[in-house]
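Data first, discussion second: the structure below is written as structure tokens.
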Amino acid sequence: MTHAPDKTTTLDAAIDEYVPDGSRIAFGGMGGRDPEAAAREIIRQERTGLHVVDDARTTLFDMLVGAGCVDTYVGSWVGTSLISQGHNIRNAVENDVPHHLEMRDVSNFGSSLMFFAAAMDVPFIPTRSMTATDIPTHNDALETVADPFGSGDEFTAVPAADLDVAVIHVQRCDRRGNAQIFGNAVNDHLKARAADHVVITCEELVSTDVIQEAPETTRIPFYCVDAVAEVPFGSHPWHCYGHYYADLPFYREYGLLSRDREDFLDWLDEWIIPHDEYLEKIGADRLARLEELETTINGGRGRVRADGDDGFADENDDSADEEVRA
Amino acid sequence: MNEMHPDSDAGTDDHADPTVDFQTLEEAAVEYPLDVERPHDVSDDYTLTELLAVTAAHEIGNGETAFIGVGMSLISGVLAKHTRAPDCQIVTESGYVGSRPPGVVQSISDSVLGVDALVATDQMQIFMDNQRGLFDVGIIGAGQIDKYGNTNSTAVIGDGTYDHPKVRLPGSGGSNDIMTSCGRTVVMMRQKRRAFTTELDYMTAPGYLDGPGDREAAGFTGGGPNAVITDMGVFRFDENTKEMYLSQTHPGVDVDDVREAVQWDLDVASEVTTTPEPTRGEVAMLRAIDPTDIVLRGSDYVYEVDFEEWTEQVHDHWQQLMELTE
């Protein structure tokens, strides 16, 4: 972490520098505002041996596992969503394809707490969760401890997450790395403090003046951040609150193709490409439509570049095209 | 206990229900936002899934905080808010409280959860509040359950091991935390003999552990499982033995059929009641929440139409529900 006044870089340079093979890594978002473009870049750079230390993970993780990038996972939940299972995850755990994925479970609160412990630099945090179940039985990193103050209650001690890097997508960030999150933050403010290095990808790179207009949304301050890359539509096919809704038909297609190994490898060939080419392939009209959908429900909150018009209400309004910087 | 609660007469002399003191509006007092003829009459064309969603919605008291996940449980929560529990508030683990999503919630950070939210915070805060005992009722799903209501949503191990299970399930998510600390928990499951088991492959979330007194000894603050809703009926837990017993069957389901779908010698209330059928208003409301049957009928046709048509449909459905609930 540095206090450099300008941490901006490109997505490929940030991944190249901060996500080497064997990294212990966490990703931001959770079935919404996920750093999908960054994950695709990790696959494109053919990383191997990653240890994902995380919370509930969806398509991004399924894709990384199917591409052979991941050796182990510590976390609370894996799948994708209502419209698909995590087929690659199951294939790796049950059938060792493309190779075995070692899973170590915690609960959702357990995942928050492992980041929280690391973020405040203590070795563990106690919780009532997970106590007396099989979660600690099959995860040697968890310990059952008695209350040292004598209440007689037992707790599960959750060890601090040991993270090399966190990769987090946010709505907007300045050059110094003041990252603002609109809508829910999930565990991102904690992951940014738990990791040795932090890569921020953002919908919009904004001036510090804009950050100062809403300082209460700066969940990740500059002193946590190493690199900032402007990556518009960096969460596609997921939602980015205030910016665009999820591209569920795209996502369903992924769910269908990932059921078969050959089909999934074809999907990788087709979609693991530099992000600007990816957006071009998706198409500006389609991306604009996703922005309009989100505007219908959340009014373009946190968005600087857009005018917030709902393109559905006024069909002759073509300003939506100008909003897309593919 | 509220006399309108569907289980008002399920507590018989041989089964003392754990205290359930929540109240819902009486059906006659429900004001449906939709224009439905004879809304309080029993529906004559409801499906089994709709019956389950309505039955789960009746478990949420008016004024309660309801901790729920995606899919069916969220549909039940939204239904409760539009019917018998207008003052309930929905809590989701990714950080939203009080949302009124205008449609199906596809993932845990789906940006539709931003609609009308009272709070947009982080996962750590939500689970701190949960462990503090601030949430009244949680709804979870599971792959396996035993007679004390302990659940498995981690792995069906079969002849394999935890590391190489027969079927890797998604994991705890928030289910462990909710069962440990939430006021009371409702479990929704498919009724299958192999799922209602005498021996869990893995205990993900704690019910009554090995029986009476165990939750208290473990220091759990939450009340534990209070109801299990399946496609055949509703189970409760005896206050003294903590064992699950059959409290009600859905219309047309025979008690002996339920016994067959449970591995242990199932305890049955001396007077098993029949699950109340949904009203016309409830069914109409459910279909307004999920007009394309994504959850209610497991349909995914809406994703098969072309992208343009999909966005139009999603937009129109959101508009419709947002106008209804203004």
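Quick notes on this one:
- Shape analysis of region B:92-143 places it in the oblate category; the axes a ≥ b ≥ c from the Cα gyration tensor give an a/c of at least 1.5, with a/b not above b/c.
- Residues A:303, A:219, A:259 in ascending order of nearby Cβ atoms (within 10 Å, fewest first): A:259, A:219, A:303.
- Approximate spin-label separation residue B:316-residue A:260, in nm, with each point projected 7 Å along Cα-to-Cβ: 3.3
- For region B:183-306, the square roots a ≥ b ≥ c of the C-alpha gyration tensor eigenvalues yield an a/c of 1.5 or more together with a/b exceeding b/c, which makes the shape prolate.
- Close amide H pairs (under 5 Å, H built 1.01 Å from N) link residue A:28 with A:167, A:168, A:169, residues at least 5 positions away or on another chain.
- Cβ-defined net charge surrounding residue A:49, 13 Å radius [Lys, Arg +1; Asp, Glu -1]: -3
- DSSP bridge pairs, the protein assembly as shown: antiparallel proportion in percent, nearest 5: 40
- Looking at chain A, the DSSP beta bridges with both ends there are about 35 percent antiparallel.
- Square roots of five times the Cα gyration tensor eigenvalues for region A:42-82, Å: 17, 12, 6
- In sequence order, calculated HN-Hα J values of region A:190-201 (Karplus, 6.51, -1.76, 1.60; Hz; x Gly/Pro): 7, 4, 5, 8, 7, 8, 5, 10, 10, 10, 9, 10
- Amide H contacts for residue A:186 (H built 1.01 Å from N in the peptide plane; partners 5 or more residues away or on another chain; cut-off under 5 Å): B:123.
- The distance separating the Cα centre of region A:59-128 from that of region B:85-100 comes to 26 Å.
- Phi to ³J(HN,Hα) by Karplus 6.51 cos²θ - 1.76 cosθ + 1.60 over region A:223-238, Hz, x for Gly, Pro: 6, 8, 10, 9, 9, 10, 10, 7, 9, x, 6, x, 9, 3, x, 7
- Cysteines without a disulfide-compatible partner [the protein assembly as shown; Cβ-Cβ under 4.7 Å]: A:69, A:224, A:240, B:88, B:182
- Integer Hz, Karplus 6.51/-1.76/1.60 couplings in order for region B:128-142, x for Gly and Pro: 4, 4, 5, 5, 5, x, 8, 10, 7, 9, x, 10, 10, x, 7
- Anchor residue A:7: lysines whose Cα lies under 22 Å away (excluding residues fewer than 8 positions away in-chain): A:191
- Hits among lysines - C-alpha to C-alpha of residue B:192 under 18 Å, sequence gap 8 or more where chains match: B:147, B:166
- Positive-end residue, the protein assembly as shown charge dipole about Cα centroid, Cβ charges, pick of A:98, B:250, A:249: A:98
- Dipole of chain B computed with +1 at Lys/Arg Cβ and -1 at Asp/Glu Cβ about the Cα centre; of B:311, B:145, B:233, farthest Cα towards the positive end is B:145.
- For the protein assembly as shown, with +1 on Lys and Arg beta carbons and -1 on Asp and Glu, the positive-most of A:43, B:294, A:113 along the dipole: A:113
- Relative exposure of B:136, B:316, judged by other C-beta atoms within 10 Å (fewest first): B:316, B:136
- With respect to chain B, whose longest principal axis is taken over its alpha-carbon atoms, helix B:307-324 is tilted by about 80°.
- Along each principal axis, Cα extent of the protein assembly as shown, largest first, Å: 73, 60, 48
- From the alpha carbon centroid of region B:209-226 to that of region B:275-326 is 39 Å.
- For region B:58-182, a/c is not less than 1.5, where a ≥ b ≥ c are the root eigenvalues of the C-alpha gyration tensor, and a/b tops b/c. That puts it in the prolate class.
- Taking amide hydrogens as placed 1.01 Å from N in the peptide plane, the amide H of residue B:233 sits under 5 Å from those of B:250, each at least 5 positions away in sequence or on another chain.
Computed from the coordinates by the stated procedures, all read-outs in this text should not be read as laboratory data. Just so you know, these numbers come straight off a predicted model, no measurement behind them. When we count neighbours, we look across all protein chains shown, and the Cβ atoms used for this are built from the backbone with ideal geometry, even at glycine.
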